[in-house]
Amino acid sequence: MEALARGGLEGYCPRLGGRRAGGRVRPLFPGYCFVFLSPRLELAAARRTPWLLRPLLFHEQLACVEPELVDLWREREGGRGYLIPAMPPPFAKGQRVRFSEGVFAGLEGTVLEVLPSRERVRLLLEHLGGTLQVETDRDLLR
């Protein structure tokens, strides 16, 4: 960002962080940076920025992100410098859910208990003609 500022440009790279992001802060869009510029006046200056490879184009048209979206991301950062991923919708006891990834990917189960303090869910899986109680991260379910 400093190289952009030295060229008189403003940039923004939204980042994700917090416990739900694995405790690390990482780019929301790895390898991409939003630069606020007028294509006619400042695109050449952006191209001279050492670490900027090239502008993103769609059918030879410069890609654009609405300023309101960037403002929304900045507002949601709440002064932290990173976004916190939204919590998935809550699960209810008795609800049927499906594993979206992991060793049980594709299998369905019934919610027995939601453990919000640990962001986990206890399920009853019906598998191979029997039933099995499992506890899993809520992020693996849909």
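Suppose the filter is part of a loop (DSSP other than H, G, I, E, B), under 27 Å from R118 (Cα atoms) and not assigned by TED's automatic domain parsing to the domain that holds L124; does P30 pass it? Spelling it out, it is not the case that P30 is part of a loop (DSSP other than H, G, I, E, B), under 27 Å from R118 (Cα atoms) and not assigned by TED's automatic domain parsing to the domain that holds L124.
Checking each residue in segment 4-30 for being modelled with pLDDT under 90, farther than 25 Å from R120 by Cβ and loosely packed, with under 14 Cβ neighbours inside 10 Å picks out A5, R6, G8. If you check L62, L43, L57, L123 for being without any contact (Cβ under 8 Å) to a residue 24 or more places away in the chain and over 25 Å from the mean Cα position of the chain (by Cα), only one passes: L43. Of the strands (runs of 3 or more DSSP E) contained entirely in segment 50-142, those carrying at least 1 residues that are of a type in the set (S, T, Y) and surrounded by 14 or more Cβ atoms within 10 Å (Cβ to Cβ) fall at 108-115, 130-137.
Being at pLDDT 90 or above and either of a type outside the set (V, I, T) or touching a helix residue (DSSP H, G or I) at 6+ places or on another chain (Cβ under 7 Å) (or both) is a property that holds for F99.
Pick from segment 65-108 the residues that are acidic (D, E) and under 20 Å from the mean Cα position of the chain (by Cα): which of them is nearest to E135 (Cα to Cα)? Before the answer, list the steps.
First, pick out the residues of segment 65-108 that are acidic (D, E): 66, 68, 71, 75, 77, 101, 108.
Now narrow it down to the ones that are under 20 Å from the mean Cα position of the chain (by Cα): 66, 68, 71, 75, 77, 101.
Values: E66: 41, E68: 40, D71: 38, E75: 35, E77: 31, E101: 14 Å.
Checking each candidate, the answer is E101.
The values are calculated or read from the model by the stated rules, or taken from the named source; none is laboratory data. This one's a predicted model, so the numbers in the text were calculated from it and none came from an experiment. For neighbour counting, all protein chains shown are included, and Cβ atoms are generated from backbone atoms with ideal geometry for every residue, glycine included.
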